[in-house]
Amino acid sequence: MAKIKLEYIWLDGYKPTQSLRSKTKIVDSSKFSGKLEECPMWSFDGSSTEQAPGGSSDCLLRPVFICPDPARKSAYLVMAEVLNADGTPHESNGRATIADSADDDYWFGFEQEYFLWDPETNLPLGFPSNGYPRPQGPYYCGVGAKNAYGREIVEEHLDICLEAGLNVEGINAEVAAGQWEFQIFAKGPRSAGDQIWVARYLMERTAEKYGVAVNWHCKPLGATDWNGSGMHANFSNSTLRNANSRKVFEEICEKFASKEAIADCISVYGADNHMRLTGLHETQSIDKFSYGISDRGASIRIPVGVVENGWSGYLEDRRPNSAADPYKVAAAIIRRLQS
Ligand code: ADP
Ligand code: MN
Ligand code: MN
Ligand code: MN
């Protein structure tokens, strides 16, 4: 009987940054046609992932998203959320922090930045083991062997994401050597989060094939003049998309401005974000809040296209970092929009 591989993917319980885990379940092809409803609940040893004590170690995996796995024979990727043994959401489950009322009217486009990382030198691809490559300037959207490092990995990742049906909207080389970005857009916060996590998983696995690691940290080169990595969150709801009003945009930006709002957002916008949100390198300081048209030094940028469209469209929260959980980021933005 033909067999099918289901790769269950979930997030572990490590703090402050959760990592991807996965394991394979084999099912009979006669019982499986690729639908999410056909994926059984499963469980794992939570004591090995900081999610449960050894004496009572089982955590549950509830499938939430499925897509084909183009890089493996007869295979699918199954994103799962982690539940406690009694079926309640585990405290590490960011997806469950999205308000029940948050429907597909909320659209998200995440710009995921990351570094391809040489595990031997513990430096980005393109960095010599001693010293530094040429300073920033030629790398952003650059081409050529002295400017672009790891393109074969990035291209392979893009192809398998598209084949899997993930809604990647674009990729580009970023400002630092060895730094890249992909963008994923979805109508609905859960779908956006599911797809970012699956795309991160596929990036890890593609790079692994080349003996290359992925560094998701927001400032992997520390307090140097090298850019950090963000995960800008572009968002809209029908109010923003149909606003036709500068006032509506400003009122929504103001919902992000109070001390409490800033603290709520920053608490889920990724670990070590104070290292990245310094006011330099196209960021606003972590303790300040500002918004502005076309302003890449603001917390929230109003894209110039919004003004050109007669004040309708979306906003870009530039603060979430590359290691943030997109579920928790979307949940926080929706809390602000609903406030
Ligand atoms: P930049 O690098 O200039 O900040 P990108 O092109 O990398 O911009 O990313 C812009 C993102 O905005 C894309 O992922 C896109 O899907 C997203 N986006 C566009 N329109 C909307 C919208 N109405 N709601 C939410 N996101 C949107
Ligand atoms: Mn971008
Ligand atoms: Mn970018
Ligand atoms: Mn951006």
Quick one: how many residues across region 171-185 are within 16 Å of ligand 2 (Cβ to nearest atom) and either within 15 Å of the chain's Cα centre (by Cα) or not aliphatic (A, V, I, L, M) (or both)?
10
Can you go through Arg301, Arg296 and tell me which one is modelled with pLDDT under 95 and within 15 Å of ligand 2 (Cβ to nearest atom)?
Arg296
Could we say that Tyr201 is touching a Leu at 6+ places or on another chain (Cβ under 6 Å) and either surrounded by fewer than 21 Cβ atoms within 10 Å (Cβ to Cβ) or closer than 29 Å to Ala96 by Cβ (or both) here?
yes
Criterion (assigned to a loop (DSSP other than H, G, I, E, B), modelled with pLDDT of 95 or more and under 23 Å from Ile333 (Cα atoms)) met by exactly one of Ala80, Ala99
Ala99
Determine, yes or no, whether Lys209 is open to solvent by 40 Å² or more (accessible area, probe 1.4 Å) and more than 16 Å from ligand 1 (Cβ to nearest atom).
yes
In region 110-147, residue nearest to Met203 (Cα to Cα) [restricted to those that are among the aliphatic types (A, V, I, L, M) and open to solvent by 20 Å² or more (accessible area, probe 1.4 Å)]:
Leu125
Select from region 308-329 the residues that are in contact (Cβ under 8 Å) with a residue 40 or more places away in the chain and more than 16 Å from ligand 4 (Cβ to nearest atom) and write down the one among them that is most open to solvent (accessible area, probe 1.4 Å).
Lys328
Hey, can you tell me all the residues within region 99-134 that are charged (D, E, K, R) and within 16 Å of ligand 4 (Cβ to nearest atom)?
Glu111, Glu113
The condition of being of a type in the set (Gly, Ala, Ser), open to solvent by less than 60 Å² (accessible area, probe 1.4 Å), within 23 Å of Gly193 (Cβ to Cβ) and free of Cβ contacts under 8 Å to residues at least 40 places away in the same chain holds, among Gly87, Gly13, Gly94, only for Gly87
Result of the Cβ filter at 9 Å on region 100-122, keeping first residues that are without any contact (Cβ under 8 Å) to a residue 12 or more places away in the chain and of a type outside the set (A, V, I, L, M, F, W, C) and partners that are in a loop (DSSP other than H, G, I, E, B) and within 12 Å of ligand 3 (Cβ to nearest atom), at least 6 apart or interchain, is none
Looking only at region 241-260, which residues are closer than 22 Å to Thr97 by Cβ, among the hydrophobic types (A, V, I, L, M, F, W, C) and in a helix (DSSP H, G or I)?
Ile252
Looking only at region 1-10, how many residues end up being open to solvent by 70 Å² or more (accessible area, probe 1.4 Å) and either touching a His at 6+ places or on another chain (Cβ under 7 Å) or part of a strand (DSSP E or B) (or both)?
1
Across region 155-186, what is the number of residues that are surrounded by fewer than 21 Cβ atoms within 10 Å (Cβ to Cβ), within 16 Å of ligand 3 (Cβ to nearest atom) and under 21 Å from Gly211 (Cβ atoms)?
1
Residue by residue through region 259-285, note down the ones that are open to solvent by 50 Å² or more (accessible area, probe 1.4 Å) and modelled with pLDDT of 95 or more.
Lys259, Glu260, Ala263, Ser267, Asp272, His274, Met275
Taking only region 22-77 into account, find how many residues are part of a strand (DSSP E or B) and either open to solvent by less than 50 Å² (accessible area, probe 1.4 Å) or within 15 Å of Ile9 (Cα to Cα) (or both).
24
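The values are calculated or read from the model by the stated rules, or taken from the named source; none is laboratory data. Fair warning: this is a prediction, and the values are worked out from it, not measured in the lab. Here the Cβ is made from the backbone with ideal geometry for all residues, glycine too, and neighbour counts use every protein chain on show. Protein only, heavy atoms only, side chains kept; ligands, DNA and RNA dropped before computing areas. Shrake-Rupley method; radii C 1.70, N 1.55, O 1.52, S 1.80 Å.
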